[in-house]
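Here is the structure we will look at, set down as structure tokens.
The values are calculated or read from the model by the stated rules, or taken from the named source; none is laboratory data. As the structure is a prediction and not an experimental result, all values here were calculated from the model. With ideal geometry, Cβ positions are generated from the backbone for all residues, glycine too; neighbour counts draw on all protein chains shown.
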Amino acid sequence: MFRIVSSLLAKPALFIYAGIGITLATTGVTVFSLYEMRLDAMAQARDAAQNLVISLQKEIEHNLDVYQLAMRDVAASVQTANIAQLPPKVRQRVAFGSLRDAKELGVLFATDAEGNLVLDSRSLDPRKVSVKDRDYFQVHQRQKDADLYISAPFLPYVSDHTTPRIALSRRLEDKNGDFAGIVAGTVKLSYFRQLFEDSILGRHDTITLLRTDGTVLMRQPFHEADIGQSLAGGRAFPPLVQADNGIYIGMAVLDHIERLYAFRRIGGYPIIVVVGFSTDDIYAGWHKRAIAIGVVSAILNALFILLSLMFSKQLSKRLSMERRLQRLAWFDSLTGVPNRAKLHKEALRILTGANRHGSTLAVLFIDLDRFKRVNDTQGHAAGDEVLTEIARRLQRLLQIGDVIGRLGGDEFLVILDDCDVLKAKQVAGRILHAVYQPIVIDSQQDTRITISASIGIALSPHDGEETDILLRNADLAMYQAKSAGRNQVRFYAPEYEREAREQLELEIALQRALRGNALSVAYQPKVDAEGALCGVEALVRWNKEGENSVAPDRFIAIAEESGLISEMDAWVMVEACRQLAEWRADGLDVPNISVNVCAADFKRPDYPGFLTDVLQSHGLVAADLTLELTERVLFDESADDIRKSLDAIHALGIALSIDDFGTGYSSLSYLHRFAVKELKIDKSFVQSIGSDEKAESLAQSLIHIGKILKLTVTAEGVETRAQRDFLDTHGCHLYQGFLFSRPLAPRDFACWLRERRRCVSFGESKLLVVPVAGVLG
């Protein structure tokens, strides 16, 4: 049940559909109910119309029957041979004795063959009136077989009587069957009008009395002009005269109002009574209820739809937010590929499947080379574009079942399902090729960036059967690829882990040594061609407790990778300046001290101020300090920041020296752009002098460059007189090396300097190497 509810809640559109469906259903029920109510209203109107028409039919039929009986008595009296011999009063009583029950209807009379009255219910002596021009007389005169005839409405002859009337007439014949006159009875139409007015009708309801030929005898509501009008042209008229009774809906001929009509034939008489109820009046009450119900239903439906939309909208927002949060939780917001958490989940899934099927998978750890340079030189927007494009390229290279994701920064991870060594190598090669293709970061200026990648590969189960182990091993292999020169692919090997563990142990030990003042500084003299001391270089040393010393190249590299290098350089700077001040306080004339610095030092915004504070705190001036930096520092990714720092340091008067000159970048433009004072020839060139002509040529060229740029040239690693003589011959200024002295502890350097000066004062060789017990290698 919970799963069904959760499934429904995951589809907000269903609530809209459900709301519409329920609304349609309730609307349908409402419409059906209203339709039933409409039918009920019509059914009630039918019943009412039929009841009224039956009532009228019975009332009229009864009166006409009584009236017709009275007419038959008059006809019988007329045809009696001795009726004329009777006294007038007796004759009247005999002829009109039955009229008392229908006296209010009108007048009975009889005529001769000429239309003259021979009997008249209103007077003993018949009036001198002829009815031969009346239609009812003419019909009987012409038609021998004419039965009871009802005339068209007419006005009486007497002018003061304006109420229309109709006549009921019958033919009189003599013994031979010839026309002998008529017996007739006039009926006041006001009788029908009064009868109709007593009925309860609506504003547009009607009652109509008409002959079977369509002539209107009376109509309620009464309009004098309607009397005598013909309805025979209406479409509803034929059924009206063909049936004794019925009911229908039609449009009135007289006023063009639609009505429900109920009609009945008045017994055997050729007249019909029709009751008409206006459909508007029939449905008036229904209309009001329908409008009220419709409005309420519409409001309720609108509210329900609105609530459904609001709920669906809120649910959509919630689901959208949940999806957004889920995407943020599982996918990288910049590139859209899975993030570290999603990668770990997918790796576990693929690894589980691989273990189940006994297949192999490969984990490729991809790190972009020198990516920081892109952000520093082109901006983070360009860096984001590079990362997004690299992600797109990686996605295009993968097959179904493989997974690619971003671990963070410029690190990507690819997991290849069912992959052996050969396939992993091929995919890695394609990745290197795809990454190395130029990336357009500004189409308007056609700015392109070319970047490479280093890839480490670990295979399961050979290199691990757990996700974290495979990821770690691929990471170790990636660092080996970077160490090999970048843009390389390396498979994991067990020795990588051993080296990484040793490096971590060294990093921890170095951190402890730095915090516990377990490092030391050795000092190597810088002398001129005559052997006179021109300066000293401070070199950091680390002698692990109970172990041999750690090579500087090794622990300095660890310090750079771990971020300890700035702290270590700062400590060496303070210690070297303190030592210089101490020597001078002891009467030793040490002209200058050189300290090695790295790129991270110059990135510190407060570094020039730091140098000023250190010099001032030990009573030194800027001329007492030289900063030695390698060529690669000047080409660091943050070269602009470094240049600002170098310019500020030069403004202080502190000299700059390029260490290991000739081994780094081939461009010499920085020698012109930066205020460099000294070039130091790398020992790799010096030690080959006398055995390698190329080395000699390079050394000679470097000295020549220094002369042209008016820089001091110092040779490192001078170990033989021949090397010193060659360099001196070509104009080298200063020298460092075992020929003069190894790096020395502070006390040993003081002894060396005193002994050196003593030897010089007694005229001994300037190249004398003074043995000192405390020398640091």
### Query
Looking only at region 78-104, which residues are surrounded by 19 or more Cβ atoms within 10 Å (Cβ to Cβ) and either at pLDDT 75 or above or not in a helix (DSSP H, G or I) (or both)?
F96
### Message
Return the residues of region 42-72 that are more than 30 Å from E173 (Cβ to Cβ) and among the β-branched types (V, I, T); say none if nothing qualifies.
### Response
V53, I54
### Query
Taking V676, is it in contact with a Lys or Arg (Cβ under 9 Å, 6 or more places away or on another chain), part of a loop (DSSP other than H, G, I, E, B) and at pLDDT 85 or above?
no
### Query
strands (runs of 3 or more DSSP E) wholly in region 437-510 with at least 3 residues that are buried (at least 20 other Cβ atoms within 10 Å of the Cβ) - which ones?
453-460, 489-491
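Given the criterion of a type in the set (D, E), farther than 20 Å from L210 by Cα and at pLDDT 85 or above, identify the matching residue among D174, D178.
D178
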#### Entry: Odd one out for A538 among (1) of a type in the set (G, A, S); (2) under 17 Å from A576 (Cβ atoms); (3) part of a helix (DSSP H, G or I)
(3)
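Considering D418, D384, which residue is in a loop (DSSP other than H, G, I, E, B), in the same structural domain as K482 (by TED's automatic domain parsing) and out of contact with any Pro (no Cβ under 7 Å at 6 or more places or on another chain)? Show your work before the answer.
Numbers: D384 fails: in a loop (DSSP other than H, G, I, E, B).
None of the others qualify; the one that does is D418.
Anything in region 710-727 that is over 18 Å from E628 (Cα atoms) and either in contact with a Ser or Thr (Cβ under 7 Å, 6 or more places away or on another chain) or surrounded by fewer than 16 Cβ atoms within 10 Å (Cβ to Cβ) (or both)? List them, or say none. If you could, list the steps in order and put the result at the bottom.
Applying the first criterion (over 18 Å from E628 (Cα atoms)) to region 710-727 yields 718-727.
E719, T720, R721, A722, D725 - these are the residues of region 710-727 that are over 18 Å from E628 (Cα atoms) and either in contact with a Ser or Thr (Cβ under 7 Å, 6 or more places away or on another chain) or surrounded by fewer than 16 Cβ atoms within 10 Å (Cβ to Cβ) (or both).
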### Query
Of all the helices (runs of 4 or more DSSP H) wholly in region 550-660, which have at least 2 residues that are surrounded by fewer than 19 Cβ atoms within 10 Å (Cβ to Cβ)?
552-562, 565-585, 607-617, 639-652
### Query
Is it the case that region 172-181 has a residue that's over 22 Å from N116 (Cβ atoms), in the same structural domain as R211 (by TED's automatic domain parsing) and touching a residue at least 24 places away in the same chain (Cβ under 8 Å)?
no
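Pick from G690, G706, G731: which is more than 60 Å from the chain's Cα centre (by Cα), assigned to a helix (DSSP H, G or I) and in the same structural domain as R632 (by TED's automatic domain parsing)?
Values: G690 fails: assigned to a helix (DSSP H, G or I); G731 fails: assigned to a helix (DSSP H, G or I).
Going through G690, G706, G731 in turn, the sole match is G706.
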### Members of region 192-206 found to be buried (at least 22 other Cβ atoms within 10 Å of the Cβ) and either closer than 16 Å to Y67 by Cα or among the aliphatic types (A, V, I, L, M) (or both), listed by number
F192
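Quick check, is H344 assigned by TED's automatic domain parsing to the domain that holds H462 and surrounded by fewer than 12 Cβ atoms within 10 Å (Cβ to Cβ)? Break it down into steps so the answer makes sense when it comes.
On the way: assigned by TED's automatic domain parsing to the domain that holds H462: yes; surrounded by fewer than 12 Cβ atoms within 10 Å (Cβ to Cβ): no.
Considered against the rule, which asks whether it is assigned by TED's automatic domain parsing to the domain that holds H462 and surrounded by fewer than 12 Cβ atoms within 10 Å (Cβ to Cβ), H344 comes out as no.
Please work out if A292 is modelled with pLDDT of 85 or more, of a type outside the set (D, E, K, R), outside the structural domain of V403 (by TED's automatic domain parsing) and within 30 Å of I22 (Cβ to Cβ). Spell out the reasoning first.
Working: modelled with pLDDT of 85 or more: yes; of a type outside the set (D, E, K, R): yes; outside the structural domain of V403 (by TED's automatic domain parsing): yes; within 30 Å of I22 (Cβ to Cβ): yes.
Spelling it out, A292 is indeed modelled with pLDDT of 85 or more, of a type outside the set (D, E, K, R), outside the structural domain of V403 (by TED's automatic domain parsing) and within 30 Å of I22 (Cβ to Cβ).
Listed here are the residues, each with its yes/no results for (1) surrounded by 21 or more Cβ atoms within 10 Å (Cβ to Cβ); (2) within 25 Å of A70 (Cβ to Cβ).
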{"residue": "P156", "(1), (2)": "no, yes"}
{"residue": "A167", "(1), (2)": "yes, yes"}
{"residue": "S190", "(1), (2)": "no, yes"}
{"residue": "L209", "(1), (2)": "yes, yes"}
{"residue": "R219", "(1), (2)": "yes, no"}
{"residue": "Q229", "(1), (2)": "no, no"}
{"residue": "P238", "(1), (2)": "no, no"}
{"residue": "V241", "(1), (2)": "no, no"}
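With the structure loaded, tell me whether L432 is buried (at least 19 other Cβ atoms within 10 Å of the Cβ) and either modelled with pLDDT of 90 or more or acidic (D, E) (or both) or whether it fails that test.
Values: buried (at least 19 other Cβ atoms within 10 Å of the Cβ): no; either modelled with pLDDT of 90 or more or acidic (D, E) (or both): yes.
It is false that L432 is buried (at least 19 other Cβ atoms within 10 Å of the Cβ) and either modelled with pLDDT of 90 or more or acidic (D, E) (or both).
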